[in-house]
Amino acid sequence: MCNKLVLGDNLEVMKSMPSESVDLIYLDPPFFSNRNYEVIWGDKGEVRSFEDRWAGGVENYIKWLKVRVIEMHRILKSTGSIYLHCDWHADAYIRVMILDEIFGYKNFKNMIIWKRKNSVGQSNVKSKQFGYNIDTIYFYAKSKKNTFNTLFTESREKYIEQFFTHQEEDGRVYRLATLTSPSPRANLMYEYKGHKPPPKGWAISLEKMKEWDASGKIFIPDDVNKRIQRKIYLDDVQGQLVQTIWDDISVISPSSKERIGYPTQKPVALLERIIKASSNEGDIVLDPFVGGGTTIVVADELNRRWIGIDQSVQAIKVSQMRFNKVRAPYGNSAVNSYTVQLYKYDIEDLQSKDPFEFERWIITQFGGVANAKQRGDSGIDGKTADNTPIQVKQSKNIGRNVIDNFLSAVKRNDKQQFEQNIKDKKPVGFIIAFSFSKGAVEEVARLENSDKLVIKLVRVDEIIEVGNRPKLTIDFSEKGKNTDGDVTIEITATGDSKAGVEFFSWDLNYDEGTLFKPDIMRDTTGKVERAFAPGEYNIACKVVDADGLENVEIVKLRVNGFVLRV
């Protein structure tokens with residue numbers, strides 16, 4: 001169930017998820033704002049969802065979002081929390097008409113204000129209102145038992161520089177803090193070592209003052225006219241508690257290493273704070289609008305399990321590539337692997353899967369239960385819900401001999417059920433394969449006509465939708481040479497797919513034998529221009545089509561002056 005990227009309508013995907021199965025949900029749904037701004041990727045799934053949201057103004061938008069939040073409430077555990085990210089266009093509607101109604105007013109925890117920018121640029125026309133530089137993040141829990149970990153701010157440099165200006169002989173750095181009481185009390189009005197109390201008295205009793213003095217926790221000036229103060233050591237300070245105004249996390253700048261070109265991409269630090277606060281290691285984090293993939297990347301890094309959903313092919317594939325780029329070669333995730341669920345599956349990938357893994361997967365897709373053990377199955381790889389045997393062949397053009405062997409295995413497996421299935425005119429078994437030979441089809445027909453015995457042949461494409469990966473070709477052309485001797489080369493990728501090409505990705509210094517880690521994650525033109533010094537390079541290009549299927553082409557590029565050889 002976990003560590004999964006799913007292409008689809010999050011409403012339908014969440015409906016298939018078990019109740020109380022998720023620990024934390026972060027959602028950054030499309031804002032109720034300018035229409036053109038909302039369509040980010042531009043593929044069919046996103047455009048269709050966009051049209052649904054905008055069919056009837058804010059009422060329809062709230063209706064569209066509300067049915068999804070209802071499902072989120074259902075799948076959250078009793079200890080779970082939800083963080084809903086929105087802006088001024090509909091934040092009041094979302095709080096009152098959705099979150100208060102579904103989660104309950106009493107389960108409202110915080111309205112977090114994220115200060116995205118220090119200022120908003122002025123237009124040439126004189127403004128008649130203040131600039132918007134914040135987003136709102138609503139934090140609700142499912143119950144009073146919600147998980148919450150106290151956090152401290154990490155941006156302490158200015159705070160330390162300004163206040164921690166004192167140092168002990170042993171090197172410990174400290175700051176001075178007042179020992180003045182906020183309100184006068186008789187037992188706090190005492191003189192200590194010649195120092196008179198402040199007008200409202202000390203903040204601690206005489207006994208505590210002596211205790212702190214003995215342990216070196218107070219600073220006593222030589223001048224009795226100066227105040228006694230408390231010492232706060234830097235190594236005892238975790239930081240300042242995180243409050244509800246988050247002005248220490250900046251938006252992603254154009255030059256940021258995090259930037260992937262996704263317009264509404266959220267900073268890693270923002271998701272780190274949310275995930276650390278409301279989940280623990282091993283918990284399940286869901287992002288139903290995964291967008292550029294920040295949530296799943298951060299969740300994996302923090303050893304949480306995760307699920308990311310999006311209706312956009314490009315969002316899912318970009319998230320997948322981003323995830324592969326930042327994680328270690330074999331993964332650091334809680335389960336150490338992940339899956340990508342698309343509308344269609346690449347037939348070449350399926351045929352090259354580990355055989356036992358493919359058996360388990362396709363039997364599950366068929367609605368059956370695969371054998372727990374790989375060996376000793378006597379030709380039976382799994383069974384249907386009513387215990388009818390299933391055999392899987394990971395190949396094409398299955399011959400008649402497979403039918404004969406399977407029939408023998410079915411008879412040995414459970415003779416009583418075998419005979420009962422014949423009597424009930426039900427299949428005695430199912431064989432799943434990519435295709436079947438004429439001989440196999442004829443034998444199954446003969447058995448049914450002559451022996452009244454049904455063996456059902458099931459093609460893989462009758463269980464799931466399959467497709468052929470897009471074709472890809474790469475060409476080069478020289479554009480010139482600079483004074484350093486580098487050659488500028490234009491690289492052109494051409495993709496061909498019946499579904500239509502969505503975008504290309506480029507790894508211009510591909511390391512053979514490793515994961516594809518793109519320098520350019522999303523290129524809709526198919527053209528890249530770069531200057532190369534003399535040498536040899538591995539250029540890898542990936543094409544992704546509208547079904548989410550992909551193909552990678554790797555070519556060697558040798559540059560020697562103006563001479564280009566591939």
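Quick check on the range 533-547: of everything there that is open to solvent by less than 10 Å² (accessible area, probe 1.4 Å) and not small (Gly, Ala, Ser), which residue is nearest to Asp511 (Cα to Cα)?
Within the range 533-547, the subset open to solvent by less than 10 Å² (accessible area, probe 1.4 Å) is 539-541, 543-545.
Applying the additional criterion that residues be not small (Gly, Ala, Ser) yields 539, 541, 543-545.
On the way: Ile539: 9, Cys541: 13, Val543: 18, Val544: 21, Asp545: 24 Å.
Selected residue: Ile539.
In the range 377-394, the count of residues that are touching a Lys or Arg at 6+ places or on another chain (Cβ under 8 Å), within 30 Å of Phe503 (Cβ to Cβ) and assigned to a strand (DSSP E or B) is zero. Look at (1) in a loop (DSSP other than H, G, I, E, B); (2) touching a strand residue (DSSP E or B) at 6+ places or on another chain (Cβ under 8 Å); (3) surrounded by 15 or more Cβ atoms within 10 Å (Cβ to Cβ) and you find that Leu176 fails only one, number (1).
I'd like to check which strands (runs of 3 or more DSSP E) are fully inside the range 435-516 and have at least 3 residues that are of a type in the set (Phe, Trp, Tyr).
Values: elements: 455-459, 471-481, 487-496, 501-507.
Where strands (runs of 3 or more DSSP E) fall fully within the range 435-516 and carry at least 3 residues being of a type in the set (Phe, Trp, Tyr), they are 501-507.
For the range 460-473, the tally of residues that are crowded, with 20+ Cβ neighbours inside 10 Å and within 17 Å of Leu557 (Cβ to Cβ) stands at 1.
Restricting the range 419-445 to residues that are basic (Lys, Arg) and modelled with pLDDT under 95 leaves a set whose member that is surrounded by the most Cβ atoms within 10 Å (Cβ to Cβ) is Lys426. Would you pick out the residues in the range 94-110 that are closer than 16 Å to Lys63 by Cα, surrounded by 17 or more Cβ atoms within 10 Å (Cβ to Cβ) and of a type in the set (D, E, K, R)? Matches in the range 94-110: Arg95 only. Taken over the range 480-494, the criterion of being in contact (Cβ under 8 Å) with a residue 24 or more places away in the chain and open to solvent by less than 30 Å² (accessible area, probe 1.4 Å) is satisfied by Gly485, Val487, Ile489, Ile491, Ala493.
Scanning the range 14-41 for residues that are modelled with pLDDT of 60 or more, over 19 Å from Tyr93 (Cα atoms) and open to solvent by 30 Å² or more (accessible area, probe 1.4 Å) yields Lys15, Ser16, Pro18, Ser19, Glu20.
Taking the criterion of being within 30 Å of Asp424 (Cβ to Cβ) and either free of Cβ contacts under 8 Å to residues at least 12 places away in the same chain or under 42 Å from the mean Cα position of the chain (by Cα) (or both), the residues of the range 452-479 that qualify are Lys456, Leu457, Val458, Arg459, Val460, Asp461, Glu462, Ile463, Ile464.
For (1) open to solvent by 60 Å² or more (accessible area, probe 1.4 Å); (2) modelled with pLDDT of 90 or more; (3) not polar (S, T, N, Q), each residue gets a yes or a no:
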site	(1), (2), (3)
Ala334	no, no, yes
Ser352	yes, yes, no
Phe358	no, yes, yes
Gly368	no, yes, yes
Asp377	no, no, yes
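Taken over the range 145-173, the criterion of being free of Cβ contacts under 8 Å to residues at least 24 places away in the same chain and loosely packed, with under 11 Cβ neighbours inside 10 Å is satisfied by Glu157, Lys158, Glu161, Gln162, Glu169, Asp170, Gly171.
When the residues of the range 57-108 are narrowed to those that are farther than 22 Å from Ser21 by Cβ and assigned to a loop (DSSP other than H, G, I, E, B), which ends up nearest to the chain's Cα centre (by Cα)? Per the criteria, the residue is Asp87.
Of all residues in the range 284-318, those being among the small types (Gly, Ala, Ser), in a loop (DSSP other than H, G, I, E, B) and in contact with a Leu (Cβ under 6 Å, 6 or more places away or on another chain) number 0. Of the residues making up the range 206-234, just one is over 30 Å from Ala186 (Cβ atoms) and touching a Lys or Arg at 6+ places or on another chain (Cβ under 7 Å), namely Tyr233.
Applying a threshold of 9 Å to beta carbon distances and a minimum spacing of six or more residues, or different chains, the list of pairs starting in the range 422-438 at a residue that is touching a residue at least 40 places away in the same chain (Cβ under 8 Å) and over 17 Å from Lys383 (Cα atoms) and ending at one that is open to solvent by 30 Å² or more (accessible area, probe 1.4 Å) and not in a loop (DSSP other than H, G, I, E, B) reads Phe434/Ile347; Phe434/Gln351; Phe434/Arg459; Phe434/Asp461; Phe434/Val466; Ser437/Arg400. Within the bounds of the range 122-132, is there any residue that is part of a loop (DSSP other than H, G, I, E, B), modelled with pLDDT under 85 and surrounded by 10 or more Cβ atoms within 10 Å (Cβ to Cβ)? The answer is yes, given that some residue of the range 122-132 is part of a loop (DSSP other than H, G, I, E, B), modelled with pLDDT under 85 and surrounded by 10 or more Cβ atoms within 10 Å (Cβ to Cβ). Looking across the range 239-283 at every residue that is open to solvent by 20 Å² or more (accessible area, probe 1.4 Å) and hydrophobic (A, V, I, L, M, F, W, C), the one that is modelled with the lowest pLDDT is identified as Ile260.
Evaluation of Pro518 against the conditions (1) surrounded by 12 or more Cβ atoms within 10 Å (Cβ to Cβ); (2) under 29 Å from the mean Cα position of the chain (by Cα); (3) over 19 Å from Phe323 (Cα atoms); (4) of a type outside the set (A, V, I, L, M) shows that the sole unmet condition is (3).
The values are calculated or read from the model by the stated rules, or taken from the named source; none is laboratory data. Just so you know, these numbers come straight off a predicted model, no measurement behind them. Cβ coordinates were reconstructed from backbone atoms using ideal geometry, including for glycine residues, and neighbour counts include every protein chain displayed. In case anyone asks, the SASA skips ligands and DNA or RNA and just uses the protein heavy atoms, side chains included. Shrake-Rupley method; radii C 1.70, N 1.55, O 1.52, S 1.80 Å.
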